[in-house]
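Below you'll find the structure, written out as structure tokens, and then a few comments.
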Amino acid sequence: MTKLSRTPFPRAFYVANAMEIFERLAWYGFFTLSSLYITSPTAQGGLGFTDNERGFLQGMIPFLLYLLPVITGALADRFGYRRMFLISFIIMCPSYYLLGQVHSFWTFFLVFFAVAVGAACFKPVVVGTIGRSTDDTNRGLGFGVFYTMVNVGGFIGPFVAGYVRAVSWDMVFVMSAIWIGINFIPALFFYKEPEHDSYKDQRSLKLVLLEVQEVLGNGRLALMVVPAIIALMVTTRMGIAFQYYLLGVAVWIGLNFLWTVLCKSVSASNSIAWYRQSVQVGNLPFVLYLLILTGFWIVYFQLFTTLPVFIRDFVDTKDVVSAIQQYLPSWLDFVAGVNVDQLSAALPPLAQQYHVGMDTAALRQIGFELVNYKVMIPDAALRLGLVDLQAGSVQAKQLADIWAQQYRQVNPEYIVNVGFGMIVLCQIALSAYIQRWKALPILVFGTLVLSAGIAMCGLGASLTIGGFTVIFAVVVFSIGEMIASPKSQEYVAAIAPKSKTAMYMGYYFVSLALGNLFAGLLSGWAYTAIAKEMQQPLLMWGLFAAIGVVTALCLLIFNNWLKRRQ
């Protein structure tokens, strides 16, 4: 049989990949640093929000971002990809800039939500362009190139943002707006709608909702689940005790069960109103798989929500700084730059708070203030410096210069960014190596490796080589991600009806949405209650790793159940 030659990619394919790079530069340039910005003090240019508020923002907004493509994808199919590209850029460009100009919680929330709406308009269109621009002869290569471009943007974006934040936090958002602004050029002058299936142009919102019902469940299921999720968000934001939330959810589920019993006599009819139908799950194996996979994403997103603030607050990266000073001294100010003027301005107020005999917990709070200026001062040196500053034997500028030279720290976003570098360098080769094995065993193994990397992060707070420990943990984590993430999508083919695999793949993102939501909320609570209040950061990372291990076990149990069911 003659082997088919690979079809050349059309221009739209290359234009879409270029726009994807710039969109990822904007998103990861902001999101990788978002934990630091949200919790940094206002005097240092941050928002000064609590970690619980940070967790709410980082859970809620990405959750919506991954759900909205259900609607925006249908709109793009009806009204055109080029038009949707332009709409997304019109929304995102000013919204990224405004993120750096608003400072109250709810205004920041609204602008962040606008960014999510723009990104939700962009996401299904760029993926759809890649799908329409490829065929059976080049689709695997096409999506491999696309995934690489995602990680190229994710790798470069935080480096640029980390560099400009040394000048001003505002510059981080200006750069994100600039990256999106550049995308107007290819969208206006070079992008051409790829050829497409006429069926997709007919996908109305009604058809999309029917697909949701077939895959996930009916309106009664949504009526039961959605309020519970909203109540969880309200509980977290308002600081309501969690036991009251559980009690409320139990009552709500009971009321739904009671309503189902009352309507049972007419639930068999398809013509009755949706709210009088019984609660129905769509494809049960697929829904269970998405719920289990949510655990994987809860662990994965800690890399962006928790790790940056953990490195800033708990990990002394002087070992990495010393290595850079010895082998790459010209890189030092880039990788571990300190704004001495900001640091010196912050020292006098902190010196006024200090008094002889201050307990360790109170002194630690002063230390937590100083890490925002990228210096981590040992307790003894901190006491001595503050006493000298009070006595007038040293000036704030002199002390800031000394501490900047002796105790400077590596930007957390650069350590986190090692993961993107690993993926850019190794993903294609690793994927080619593991493709010989079935999806489920590799998915379980990758989840366990990722969990081991997460657990190792906690060791960075207690070892003298804390910086290199966390770097090694990120490397292990990234290997687990590269193993598991592609296989998690491949396994969908084993669950979905063979004739509808593509449609089911479109709802895979629900696990990412839920993973983002629970990862953000869990990060805010665990970092506040366990890492800071209990001073047990290792226990916090152990909790995250345990979620990964439980997820791996659930995947094994689910796979055995699915085999017996089939």
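The values are calculated or read from the model by the stated rules, or taken from the named source; none is laboratory data. Computed from a predicted model, the values in this text were never measured in an experiment. Heads up, the Cβs are rebuilt from the backbone with ideal geometry, glycines too, and the neighbour counts pull from every protein chain shown. The accessibility values were calculated without ligands, DNA or RNA, using every heavy atom of the protein model including side chains. Shrake-Rupley method; radii C 1.70, N 1.55, O 1.52, S 1.80 Å.
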Among (1) under 27 Å from K318 (Cβ atoms); (2) among the aromatic types (F, W, Y); (3) modelled with pLDDT of 90 or more, there is one condition F445 misses while meeting the rest; what is its number?
(1)
Of the residues G59, G29, G48, which is in contact with a helix residue (DSSP H, G or I) (Cβ under 7 Å, 6 or more places away or on another chain) and surrounded by fewer than 18 Cβ atoms within 10 Å (Cβ to Cβ)?
G48
For the condition under 20 Å from the mean Cα position of the chain (by Cα) and among the hydroxyl-bearing types (S, T, Y), what is the one hit in S35, S5?
S35
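Quick one: count up the residues across region 477-487 that are modelled with pLDDT of 85 or more and either of a type in the set (D, E, K, R) or surrounded by 21 or more Cβ atoms within 10 Å (Cβ to Cβ) (or both).
Here the count works out to 7.
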Quickly run through region 520-550 and pick out the residues that are among the small types (G, A, S), surrounded by fewer than 20 Cβ atoms within 10 Å (Cβ to Cβ) and under 25 Å from G446 (Cβ atoms).
G542, A546
Given (1) among the polar types (S, T, N, Q); (2) closer than 21 Å to Y191 by Cβ; (3) buried (at least 20 other Cβ atoms within 10 Å of the Cβ), number of the condition N138 does not satisfy:
(3)
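Condition check ((1) under 23 Å from T7 (Cβ atoms); (2) in a helix (DSSP H, G or I); (3) under 22 Å from the mean Cα position of the chain (by Cα)) across all residues:
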position: L75; (1), (2), (3): no, yes, no
position: C93; (1), (2), (3): no, yes, yes
position: T107; (1), (2), (3): no, yes, yes
position: L110; (1), (2), (3): no, yes, yes
position: V115; (1), (2), (3): no, yes, yes
position: F122; (1), (2), (3): no, yes, yes
position: T134; (1), (2), (3): yes, no, no
position: G144; (1), (2), (3): yes, yes, yes
Can you pull out every residue in region 141-167 that is free of Cβ contacts under 8 Å to residues at least 40 places away in the same chain and open to solvent by 50 Å² or more (accessible area, probe 1.4 Å)?
F143, V167
Which condition number in (1) open to solvent by 10 Å² or more (accessible area, probe 1.4 Å); (2) farther than 21 Å from F146 by Cα is the one that L86 fails?
(2)
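Could you tell me whether region 3-26 includes any residue that is more than 30 Å from I130 (Cα to Cα) and either out of contact with any Ser or Thr (no Cβ under 9 Å at 6 or more places or on another chain) or crowded, with 16+ Cβ neighbours inside 10 Å (or both)?
no
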What number of residues within region 369-411 are assigned to a helix (DSSP H, G or I), open to solvent by less than 20 Å² (accessible area, probe 1.4 Å) and β-branched (V, I, T)?
1
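This table checks each residue for (1) open to solvent by 20 Å² or more (accessible area, probe 1.4 Å); (2) touching a residue at least 40 places away in the same chain (Cβ under 8 Å); (3) more than 30 Å from V164 (Cα to Cα).
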{"position": "G419", "(1), (2), (3)": "no, yes, no"}
{"position": "A439", "(1), (2), (3)": "no, yes, yes"}
{"position": "I454", "(1), (2), (3)": "no, yes, no"}
{"position": "L463", "(1), (2), (3)": "yes, no, yes"}
Looking at T464, T447, which is the one that is closer than 18 Å to V550 by Cβ and out of contact with any Leu (no Cβ under 6 Å at 6 or more places or on another chain)?
T447
Of the residues in region 41-70, those that are of a type in the set (D, E) and over 24 Å from V375 (Cα atoms) come to E53
